[in-house]
Structures are given as structure tokens and as C-alpha cells.
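Here you go, one structure.
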Number of protein chains: 4
Amino acid sequence: MIVVMKKGASAQDISSVVGRVELDGYKASLTEGEERTIIGLVGESPTPLREDNYSSMSGVERVMRVSVPYKLTSREYHPMDTHVALNGSQAGANKVLVIAGPCSVESREQTIEIACAVKEAGATALRGGAFKPRTSPYSFQGHGETGLKWLAEARERTGLPIVTEVMDPGLVGMVAEYADVLQVGARNMQNFVLLSEVGRSQHTVLLKRGMANTMEDLLMSAEYILAQGNQRVMLCERGIRTFEKYTRNTFDINAIPVLKARTHLPVIADPSHAVGYSEHVTSIALAAVAAGADGLIVEVHPTPERALSDGRQSLNYDGFKQMMQRIQLVAQAVGRSA
Amino acid sequence: MIVVMKKGASAQDISSVVGRVELDGYKASLTEGEERTIIGLVGESPTPLREDNYSSMSGVERVMRVSVPYKLTSREYHPMDTHVALNGSQAGANKVLVIAGPCSVESREQTIEIACAVKEAGATALRGGAFKPRTSPYSFQGHGETGLKWLAEARERTGLPIVTEVMDPGLVGMVAEYADVLQVGARNMQNFVLLSEVGRSQHTVLLKRGMANTMEDLLMSAEYILAQGNQRVMLCERGIRTFEKYTRNTFDINAIPVLKARTHLPVIADPSHAVGYSEHVTSIALAAVAAGADGLIVEVHPTPERALSDGRQSLNYDGFKQMMQRIQLVAQAVGRSA
Amino acid sequence: MIVVMKKGASAQDISSVVGRVELDGYKASLTEGEERTIIGLVGESPTPLREDNYSSMSGVERVMRVSVPYKLTSREYHPMDTHVALNGSQAGANKVLVIAGPCSVESREQTIEIACAVKEAGATALRGGAFKPRTSPYSFQGHGETGLKWLAEARERTGLPIVTEVMDPGLVGMVAEYADVLQVGARNMQNFVLLSEVGRSQHTVLLKRGMANTMEDLLMSAEYILAQGNQRVMLCERGIRTFEKYTRNTFDINAIPVLKARTHLPVIADPSHAVGYSEHVTSIALAAVAAGADGLIVEVHPTPERALSDGRQSLNYDGFKQMMQRIQLVAQAVGRSA
Amino acid sequence: MIVVMKKGASAQDISSVVGRVELDGYKASLTEGEERTIIGLVGESPTPLREDNYSSMSGVERVMRVSVPYKLTSREYHPMDTHVALNGSQAGANKVLVIAGPCSVESREQTIEIACAVKEAGATALRGGAFKPRTSPYSFQGHGETGLKWLAEARERTGLPIVTEVMDPGLVGMVAEYADVLQVGARNMQNFVLLSEVGRSQHTVLLKRGMANTMEDLLMSAEYILAQGNQRVMLCERGIRTFEKYTRNTFDINAIPVLKARTHLPVIADPSHAVGYSEHVTSIALAAVAAGADGLIVEVHPTPERALSDGRQSLNYDGFKQMMQRIQLVAQAVGRSA
């Protein structure tokens, strides 16, 4: 950490900061410029450093962090790629994995039918929501445990592992009985109680970036899970909120290579939420693969115009099949398989 | 709801939409322009309308909502101001209420000391976090139930009601035993499980706007609480995330008058998080009162540079006292008391 | 346009709106719902419609546009792709074009050297700034007309057409004497005086999206150029400003397919500004091509660490050569050449 | 400036950076931490420092600026408030000034009528656009020089100085013949050609913050004007673009106290553009005054529903009169006059 003193800070101010540094168990290294003094904190101490404690001292202009605030998640501390097993494949390895299925599971028959369809087209896993986070209390909230049973049955029939969202820390155990991957949704990315709970479950987790969260926030939230000894975490970029009106979200394609450089965890892209209109989903999926995504999570529905949620962004079976074929070509073009 | 057809949509497309409207139990009213046809949905039906179901149909350009999606929260359906009782006063009535206290409670003595200090300066209620949502799993997470006990003791000594955050739906009952007002923090604004739970508790709730949520999102989240029969809700504007780097958040002052116009619930402002630097907190507090806020929630700490969290934005006792005096003058200037 | 009346608007309010509609030369088509009346404006009239004129009338809840506000730029009015000639190729046709070169031209020798290098690697055109828009008045502002002369000499030597920025409406004529393509930079996207001037020049224009402008804003700015009878316009997505700190901008990859659907003009991507770090530029370039971009504009410098501007995001020759090879593979994978 | 080396940067990397520092004429001060080395640049040199030159060197993690990049605009270099004369008052002194008038001047009679009305209500100056920056080339673009003549006539009749926008660097001289204050609009905040030109004119300038510009950007743009020897600059906060849909812009009220702390220039607020709806303009105006604004610029129109532009956000005469009365009370409450 570096403490930048104000132009004209007094000797007294500087020595107070130095005193505080020593109190916290670090060494203070002073650099005296023409205009201001800069104090570097060197050494190690059991006392965690709090920027606020320094920035609110007299004569301090500002405080700058030098190290990233995440450790277990960081590639600095864990240079090799982490692979997360999924259906005999490894997220984070060469093959681009595809998780596909409906936004919400709507019936037993339909869940099984979609599972068969996406499997045939080459999907690695089945997604489907049983508990739905809906902006309105009056919207369809999902079929709950019944929906999880349909998903489990679809897995039996197709062999596809199940990716489904959990929202309630109290239900992590129950959802984990049915699901292979616990999804933490964008709205819960900083639900720290939930993060710790899915961490403790030691289950595989798909962690979505919140719609106004930075990459650093996302990595910090992953740290909550890894801090519980659970390394089976896949990160997911699904678009952030901006002022743009022609799309549902703004897909932060930069996040794919930048996250890959900063963390060892696999990075998955969600082109459906990213753009919000089915006619553009494939373009965004191709872009994500070209940029280095380790996988995709895509919404598929047999009749999008009749879906109970997210119909506008769901591919139908034909659209999904075509996307899968095109994904293969782009994956090969960047030295990967799909 | 209004369905706008594409330029050149076929008669078949139009009649499919009309068919769907009738299937959903509404009447379709067609307006044929020079370039396109517009279909209005009229009447009432038990089937809730889903925009996606229409926007994904062939020939549809887009779908526009006409009514607001919230009901119980809306001033249209409930024109009179709702007053929420707090320490013998009413949030939403003439008096501007002030909730003050530390970011987190740090010790029994300190909690009581701060409570006495803010009471003396004229605060209506005591804030203080026992469960802290921290971006980092390694940051101080609060003293938990022990902290709640300190707060309860401070209430006994001062008579100030307690405002404290609850993050875990499973702990709502426990927190409600100690607290007078349950705070739902910005990061949990769309934690729908938690919202329903605090709704069911029938306890007073302070609901903070999420840092990338629109006013409509906030009103929809309030609707989750009101839908449980709990009208004792105060909304709180605390700043949103933008690209600005000189402040912690961007305080959306517009939200004060606009929310007051759209909902009957009281609107509280949090100038501490809004700007993030103690030297500017009073200016923002004055602005909020001038714009019509029903109350303030402000961080106060005896020695901000030693606070375990949010020291940079905490007022010390002197600063708080001066703020209270200035607030009174501005409140009077806009026809209110403080 | 559609005027939505408030719940409980009076008959008088409704008839005033209808009167205004007729005064403006349109026909009013009323839809009376259970709760509110909706008034559609039908027909054609020489009077342009102003939303504000209606939204400020008594009893009006809000006014919604149905048609897009751009005409010449819109694919609705011009369904076929527009091709813009560049060095014997056509931007907007099958081949993905690459414009490459330094942020600013720094010397005669260097300009020629870079031109040769990017040509050899397969570039279609040479970029290079002679007039630089710099945030600071103390930063290097470019070599001005001297720089343009170096660029012209580089064109003579390599045959590469020149893309360079013009900032001053008074200098459009002079810059057009040297340049093949006039670039309007992000900061000038809504400099309407400049837009009209480059339109009148009938020169080819590369129009960059502003960092806080919507796609609609960009299309409206293009409309300024097309309204002068100049259709030779290429749009450029270069990233928008968000709260993200790990990258210079947030590249809006969604804009590639969405703009292509809404306009007939070619769409170019600028991966250098989009991400701001050279190690990630190729990933973003590949993503843009996969998403359907018609071309790229990329910063290349022989020794980025010594560049007078934008060194951090410039590829060196090796990096550029490798990018070009990888671009070809991805272009082929999506059915295009490069 | 501080250069932070990567964890594990080689001795060679470090010595290259030190070499570069010395080449640039500064002294390098090394701080060796447990994990990384930090290099401070000390001393003075005629060579301006370019962050990119260092951040693109091998082994460099990142480069952090310590000083603000603006000088003449900064309060550090000019601690006393600058006062800008306006109609016998001083912007930046105790009195809160009010600039009022129509968005665009629409006729000679109307301009004079409005000038009389706002003067009677207590305005300090008359605003009115003759050259209008419009998103659409088909919208009303203003009456040009004719409009300026009407404004000049209104000044003769009322004594109110004229504030009007200039968009074209080539017309600065002409506009300055009629206007007392040259307004640089939000869309032109980074039109550096225009900034230099209004700087050279030595005329008083009102510089509006761009809708996606940071406060630092705004201060840098002011620096362009001051660098021409022209200190008569007023800054104007008018709202930034966010994802919020219920308002036209998001007014950054934080900017009022933060800018006042960082610069000696007066800060004006534009509540009309800030919120975009006339019924909320007064609330925002009061908030701005409470937060410490030195003045307001407000749109006023006799019949807003018939205005040629911005009718939805214009106050009518009654609304303006009431605002003026309320402003006085709030100004007094914060120790100022109005």
C-alpha cells in the first residue's frame, strides 16, 4: 500500500502516518518528492491493512493499493489453469463446453424433451431454472423442488449434468442433492451469505457477474467460495448494465481475456442475457469463443414465443443446432475444439 | 401493453398477435398507421401479460408497457403518503428524521457512547452494523449477535430505536428480536428470498437502492415486501455506480423528488455512502433535505481514522453536531422541521 | 408516435391532445383501456413531431416513439448493404478490411516504415494521427499539416490509402486534400458542425461512436453526414465508458450485430481503444470479426514503449503479424475472407 | 508518478525503468517490498511524463499518477476563489446567480418578453440558444445570427447579459460580438479546437460537463481555456448519462462540493437538463444551492407545451417565480444570498 501525502503536509502529519504504519506492524519507506512525500508500506504483519484508516488521517491526499485484494483466485498465486470437471470434460481445458436449456423448467415432459434436443446438438450440460429470481413478485417464480426432480429425471435419461440456480442459503443442501452445478445468479453475486454456503457445500459453482460489478468484484466474490476450500468455480460474464437501449445488457467481451489473465478459473460466457435478442445470440456466442471463453451457457426453448420467461432471448432447436455448428468452426480457428 | 408491428408485417402476423391477445383474455385494439400497425391490449384478465411472449412473435417490432409494473408501492393506487412510525415520529410526515451511528458496532462501550452522542445532537434513531456485507472475505465481518446485544443495550440507555442490516433470510427472526428497523443493503436489493422474508416479518424495513438499479427496480423490490402485507417500508437512495473516480458513488439526487412522486413510501437519503468522503457529507445531506428527503442515515464515529470500516466517510461528533444544526435551517427553508 | 394519457385524465385533456394532433396535421386514433386512454398519431404531415410538445400537455403520462428517428441511415429505408470503396476492396462486402498504423505520426521516416510494415502484414489502409484530440492541453497535439504530408508520402510509397482524424470544421478541406478517409473521433461524434462539414466534403468518413453514446446517437450522427448526400460512411465501435477499472473502455461487442441489423453502413471495430492493453487487443479483434465486423482499425508501433501516445495499447510488428494470421482463420470460420 | 513492478520482475526490468526515469530527467527512488519493487519519480524535468511509456515496459505492473494533471484550474496552485463578473455581481462570491431563459430563442417578441419576465423575477442573466446542437439533423437548429440579434435587443431592453452557446470554432468571434458569456455545451466539452478558441477570445465562458465525462475531464477541458490566459470560466454540472429511465440525466450533486474543493472556479448547476421534467426542476435547483452551487442556469418558457425544444423541462413564468422565492430561503439557510 502507498500513502500519498498532500502538498504541504506537515512533518507532524508525516510522522503520524509513519507511527500508524509501525503500529500496524509494517515498515514505512519514505520517498520525498519536490512537492509531496510518499510513504510505502513494506513487510508483513498479521494486521490487515485498511485503506480508510490511512486516508482519513490528517495530511493524507490518498491511499493506493498495490496488490490485488484477492489471493486464492489470483493467477499470481496459482499460475496454472484450474480445470473444473463437467460430464467427462474439463472446463478450462481445450474443449469449449456448452451448457444449454430453458430459462425455467416448465413441465416434466418439456424438460426431458429439451434435454434430449440439446444433447443431440452436442451440449455438455443442461441448464434450467427451478427457483427464478424475478424482478416482480407477481411473475412466475419457478416450480421449486418439483422442477429439480424433472431436471434429475432429464439427467437420468440423457446423462447431461444439471446446472441450476440456488438463491436461498437455506436451500443449498437441498438443491445440491439434485444439481451437479450450483449457479449463483447476477443479482446474488454479492450475497455473501449465499457465497459462503455454496463454498462450504464443496459443490461445483457457476458464479455470474453482477450487472454493475467490476471484474475485481467478481474475483472477490469467487474468493468467498475458494476461501471455503472449494476450488470448483466457473466464472460467468453475462453482460453489464449501461445506458444502451437497443440491447438488454452490454456484454463485456473484454472480460474474457482480462479475467483469463488474472485468474486461473475457467470463464464461461452467457450470450443470451448478454444481448437479449435471439437473432443476435449466435454472433455473441461466436465472439466469446473467439475471445477465449472456456464455455457458453445458452437459453434454448422449443417455442420461445410461449416460454414462461426469457422467450425473447431463447434460441429454438434449429437456431441452437446452427449455433453449435458455427461454434465448432470458430473454436477450431482459435486452436480449440467444441 | 402495446404491440408495435414491423413495417411490412403480414396480415398473418397481425392476426397471430390478435389471436394471442384473445387467448390471454384481453381485447385487441388495432391502430393502422401509414407504415405500421399498432395493437393495444385492453381489458382485464387473470393471465399476467408477459412482454417476451409477444416480442418473440413473428412480425413484432417491439412491445411497450403502459402501466407501471408495481401496484401496492405506486402512488397511483395509493395517493396518500404512508407514514412509518419511528421513535414517536413519523417518517414521511413533516419532520426530517435522522438515523445516525457507526458503520459497524465495534465494542459495547463504543456503541453506547455513540448512541449517547448522536442522541444528544438530535438523532431520531441509532444505526450500527452487526452483520457486515464485505467485498472481501478477509475483511471484518461484524460482531454478529453480540453486536446486536450491544445495540439493544444502547437502546435501553438512550431510547433510540435500532436500525441494523440483515443479510441472511435465515436470521431475519433473530435480528428482528433486537432491531426496530431491518435494513436491506444495496447488495441485497434484489435478494428476493430476503425481501419476502423481511416482508413476512411485519417489521419496519429500510430498503436501500442497489448500486446499479433503477428507481423502477427499487420500487419492484419494495413491492416484494408490500406483497407480504407489510407496508412499513422506507426507501433509501445511497448512490449508484458510475465512471466517476473522485467520489465513492454518484448520489442520484433526482431520485428524491421522482420517487416521492411515484410512491407513497418515505424516502431516506444516505449522504455517507453517496459521496464517500466525510468533508462532503454535510453538503450532500443538505441537498437531500432541500430536495425533499424525509430523512437521513449518516455514519458517525468518534475517531473515524480508527474505524474498522468506512472511516473515510464517517463524521466525527463535531461534524455531526454541525450537520444537525445546518439541517435544521435548510429543513425550515423548505417548510419542514428537523 | 403514441401518447399515453394518465389514469384519470379528463375528457378535456384528451380532447386537447387530439386537437394538437390535428393541428400538427396527423390523425388521432384513440384506444380506451380500462385504466387509460392511448392516442396513436396516424398519417403524414410536413410538421415534424416533437415529443416534448405532447409530453408537457396536461393529463399526459408519457409519449413513445414508434419509428426510428433516422431515415437515410436505416436499413428499413435502404435494405441492401452499402459498400464503401477502400484500396480496391469494399468495406461492407465479404472481405474483412484492416486499417493499421500508429496512434500519431511521429516522424517522416517512422511513418513510412510503419506503412511498409503493415502493408507487408496485409493491411488495407494506413491510419495515423496528425491532429490529436488530447485531454490535456500540455500533451503532444500532433504534427498537423506536416504529419499529413508524411502520410501522403507513405501512401505514395506503399499505395495504402490514408485514414486520419479531422477535428476542426475549418480544416476539413485541407485534411481532405491529403487523406482518403476522414476520421471523426469519439469526442467529436456529436460535433454537429464537423459532421455537416465532412458530409459536404463528399469524402469517405470513418465515424467513431462516442464513449457515452448509444447506438441510436451514433446512427443519428451518421444521418447528419448522409443528409449532405454523402453515403460513404463507415461506423466504428471503439468501446464505451463504464465503471470497469481493469480496461480502458468497455467494448460493446453487441453493437456489431445490432448495428448491422439496423443500418446498411459498414461497421468497423477498434480493438485497441476498446480494451487499452496490447496483450488483449488480438482477442478483441478476433471477437469482433467473429461477431460480424466488416473491418478493424488497429494501432501499431515499432516500439510501443517509446510511442508519443497510446503506447500501452499498440501492437508491435510481430504482434500485428500474428493478429493478421489469426484474423484470417476466424474470418474464414465465419464465411468471410481477410 | 509511481511505477509498480510486477511480483517477480527481474533486476534487468527494474534497471531499465530506472534508466528510463533518468533519461527523462527525473530521479528514481526505489522501495523494495516483500513482493514487489516500487519506483517513485522525484525531481523536475522539462520532459513531460507519459504513463504509457512506463506502463508498456517489461516487468511493469502499473503506473500511478500522484499529482492532478491540471494546474491552472487547480485549487492547489490557486487557493483563493476566482470571481467571474456577471451583471454587477460576481459568480463565485456570496450571491447565488440565476441565468434563465428559453432553450432556444424562437422570435424577437418572445425573446424580449421572456427577458422582461425573468428579470422581474430576479434573474441575473438571460440564456437563450441561437445555435442549437440537435441529435437529429431534421430538428430545429436555431435561428443563428438573427437569434443573436434578438438576444442583443433583449439585453438593451432589460440590461440582462446574454449567455448563449457557440458550437463552431469559426463563429466564436461573431457570437462574442453579441454575447456576454459563451456557452460550451456538453456535447462539445472535449471539442478541443473550440475550447482553445473560446480561450483565446478572452470572453467569459460557461463550460458544461459532458454527459459521460468525469470531473477530471471537465477540469482538464477548463485547463484548455485557462491555458490561453483566460480565467473567466464558470463550470456547469448538468447531469450525466446512466441507465436510469425515469429521468433525462442523473444529476451529479456530488460534483458541486467536490469541484468547489478541487478548483477555484465558480460552479453553476443546470437543474433543467439534470432531471428533464419541469415538475422536478425546483427540487433539484434547491438541492444544488444547498450543496453550495454558485449559480443556476434554468430553462423558462411562457408556454412550455409549445416550445420548439426542451418544453418538457422548461418552467413557465409562475414556476420560475416560485422557484426564485424558494431559492432565496435555501440560500439564506446556507449563509448565502440569492
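Read-outs throughout are calculated quantities, based only on the coordinates presented, and are distinct from any laboratory measurement. As the structure is a prediction and not an experimental result, all values here were calculated from the model. Positions of Cβ are generated from backbone atoms using ideal geometry, with glycine treated the same way; all protein chains shown enter the neighbour counts.
Can you pull the mean other chain C-beta count within 10 Å for peptide A:7-14?
1
For chain A, with equal point scatterers placed on the C-alpha atoms only and solvent neglected, what are the log10 I(q)/I(0) values from the Debye formula at q = 0.08, 0.14, 0.15 1/Å, to two decimals?
For the requested q values the scattering log ratios are -0.44, -1.03, -1.14.
Let me ask you something else. Taking a threshold of 26 Å on the Cα-Cα distance, which of the pairs B:Lys260/C:Lys27; A:Lys245/C:Lys71; A:Lys245/C:Lys95; C:Lys132/C:Lys245 fall above it?
B:Lys260/C:Lys27; A:Lys245/C:Lys95
Hey, another quick one. With a cut-off of 8 Å between alpha carbons and a minimum separation of six or more residues, what is the relative contact order of the range A:197-338 in percent?
For the range A:197-338, the relative contact order is 17 percent.
Using only the alpha-carbon atoms of the range C:187-277 as identical scatterers, what base-10 log of I(q)/I(0) does the Debye formula give at q = 0.26 Å⁻¹?
-1.32
Sticking with this one: Need the list of aspartates and glutamates near C:Lys321 for cross-linking: C-alpha distance under 13 angstrom, and skip anything on the same chain fewer than eight residues off.
Answer for C:Lys321, where 13 Å is the Cα cut-off: C:Glu120, C:Glu299, listed by chain and number.
Could you work out the percent of alpha carbon pairs in the range D:2-64 separated by over 16 Å, rounded to a whole number? List each step's numbers first, then the result.
Working: 684 of 1953 pairs.
Tail of P(r) above 16 Å: 35 percent of Cα pairs.
To test your reading of the geometry: what angle, between 0 and 90 degrees and rounded to tens, separates the Cα axis of helix A:215-226 from the longest principal axis of chain A?
80 degrees
Something else now. Given bins 5 angstrom wide, list per bin the percent of all Cα-Cα distances in the range A:108-200, short to long.
3, 14, 24, 22, 18, 12, 6, 1
Another one. What number, in percent, do you get for the relative contact order of the range C:2-64 if the mean sequence gap of Cα pairs under 8 Å and at least 6 apart is divided by its residue count?
On the way: 101 pairs, mean separation 30.0, N = 63.
Taking the mean separation of contacting Cα pairs over the length of the range C:2-64, I get 48 percent.
Distance between the C-alpha centers of the range A:288-312 and the range C:186-264? Whole Å please.
29 Å
Report, in degrees rounded to the nearest 10, the 0 to 90 angle that the Cα long axis of helix C:11-23 makes with the longest principal axis of chain C.
60 degrees
Also, I was wondering about something else. Size of the dipole of the protein assembly as shown about the Cα centre, Lys and Arg at +1 and Asp and Glu at -1 on the beta carbon, nothing else charged, in debye to 20?
0 debye
What average number of partner chain Cβ atoms lie no more than 10 Å from the Cβ of the residues making up C:136-143?
If you average over the peptide's residues, the count of other-chain Cβ atoms is 5.
Which value in deg cm²/dmol, rounded to the nearest 500, describes the helix-derived mean residue ellipticity at 222 nm for chain D, given -39,500 (n - 2.57) per DSSP H run of n ≥ 4 and division by the residue count?
Theoretical 222 nm ellipticity from helices: -10500 deg cm²/dmol.
Also: What order, most packed first, do the peptides D:134-140, D:11-17 have when packing is the mean number of other Cβ atoms within 10 Å of each residue?
D:134-140, D:11-17
Using the eigenvalues of the Cα gyration tensor, what equivalent ellipsoid semi-axes result for the range B:290-331 when each is taken as the square root of five times the eigenvalue, whole Å, largest first?
The answer is 23, 12, 6 Å, longest axis first.
Moving on to the next point. Pairwise over distinct Cα atoms, reciprocal of the mean inverse distance: report the Kirkwood radius of the range B:1-109 in Å, one decimal place. Working shown, then result.
Values: mean 1/r = 0.0560 Å⁻¹.
Here the Kirkwood hydrodynamic radius works out to 17.9 Å.
Further question on the same structure: Select from the range B:157-266 those trypsin sites (Lys or Arg not before Pro) which occupy a DSSP coil region and have at most 15 other Cβ atoms within 10 Å, ordered by residue number.
Loop-located and lightly packed - B:Lys245.
Once both axes come from the Cα atoms, what is the angle between helix D:317-333 and the longest principal axis of chain D, in degrees from 0 to 90, rounded to 10?
Roughly 50 degrees between the two axes.
Partner chain Cβ atoms within 10 Å, averaged over the residues of B:180-188 - can you pull that number for me?
Rounded to a whole number, the mean comes out at 2.
Same structure again: Quick one: compute the contact order of chain A, relative version, from alpha carbon pairs under 8 angstrom and 6+ residues apart, as a percent.
In percent, rounded to a whole number, it is 15.
Something else: Could you state the number of Å between the C-alpha centres of the range D:69-112 and the range D:124-151?
Taking the Cα centre of the range D:69-112 as reference, the centre of the range D:124-151 is 19 Å away.
Can you tell me what the convex hull of the Cα atoms of the protein assembly as shown projects to on average, as an area in nm²?
Over all viewing directions, the protein assembly as shown projects a mean Cα-hull area of 44.7 nm².
Where in the range D:147-182 is the amide nitrogen less than 20 Å from a point lying 7 Å along the Cα-to-Cβ axis of D:Glu120?
Correct set: D:151, D:153-161.
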